[in-house]
1. Just checking, how many residues over the stretch 51-63 are farther than 23 Å from PRO100 by Cβ and assigned to a loop (DSSP other than H, G, I, E, B)?
2. Taking the stretch 3-50, which residues are part of a loop (DSSP other than H, G, I, E, B), closer than 19 Å to GLY90 by Cβ and at pLDDT below 85?
3. For the stretch 52-61, does any single residue satisfy the condition of being under 14 Å from LEU19 (Cα atoms), surrounded by 19 or more Cβ atoms within 10 Å (Cβ to Cβ) and modelled with pLDDT of 90 or more?
4. Which residues, taken from the stretch 77-105, are assigned to a loop (DSSP other than H, G, I, E, B) and either on the phi > 0 side of the Ramachandran plot or not polar (S, T, N, Q) (or both)?
5. Of everything in the stretch 97-111 that's at pLDDT 90 or above and out of contact with any Leu (no Cβ under 8 Å at 6 or more places or on another chain), which residue is nearest to ASP59 (Cα to Cα)?
Amino acid sequence: MKAMIELDDLSVDGKGEALRSLVFRQENGGFGCYSTFDVNDGFEEIDPHKYPDIFKLIDPANAEDDNYKIEVTAYESKDIVVMYCWDGDGDLLIWIKGEPFVYENTDCKCTYDWWKIKIQPIADSRDRTGVQ
């Protein structure tokens with residue numbers, strides 16, 4: 001199944017929520033937050049360092065201490081990369097590959113307060129095609 005969503009006319013919150021629905025299973029109370037970070041078919045778990053320019057936006061290293069380690073989980077499909085971590089509020093970041101923006105919600109319990117963050121278009125950091 002292929003789904004297409006036109007994002008251009010949506011608000012930033014609308015875009016974030018549309019992307020969340022493409023990534024996470026939303027049936028049976030699923031939301032892409034708390035313990036319901038169940039991804040839809042077509043997503044594969046990856047090392048978040050695969051996309052370092054995206055990872056640095058969500059890297060929780062500043063929030064860690066000796067007693068509490070926050071880990072970032074990442075998935076990707078052919079078109080989308082998602083990263084999240086649970087720090088009490090939940091930080092959720094979604095990037096459409098090749099686009100110059102990521103969408104981030106630093107309190108993923110909420111359907112509002114999504115941020116649109118400009119980035120440099122990047123490729124998979126392991127893609128060495130054409131590099132000598």
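The values are calculated or read from the model by the stated rules, or taken from the named source; none is laboratory data. Because the structure is a prediction, the values reported are computed rather than measured. Using ideal geometry, Cβ is built from the backbone for each residue, glycine included, and neighbour counts are taken over all protein chains shown.
1. Qualifying residue count for the region: 0.
2. ARG25, GLN26, GLY30, PHE31, GLY32, CYS33, TYR34, SER35, THR36, PHE37, ASP38
3. No, the stretch 52-61 contains no residue that is under 14 Å from LEU19 (Cα atoms), surrounded by 19 or more Cβ atoms within 10 Å (Cβ to Cβ) and modelled with pLDDT of 90 or more.
4. The initial filter retains those residues of the stretch 77-105 that are assigned to a loop (DSSP other than H, G, I, E, B), namely 77-79, 86-90, 97-100.
Across the stretch 77-105, the qualifying residues are LYS78, ASP79, TRP86, ASP87, GLY88, ASP89, GLY90, LYS97, GLY98, GLU99, PRO100.
5. PHE101
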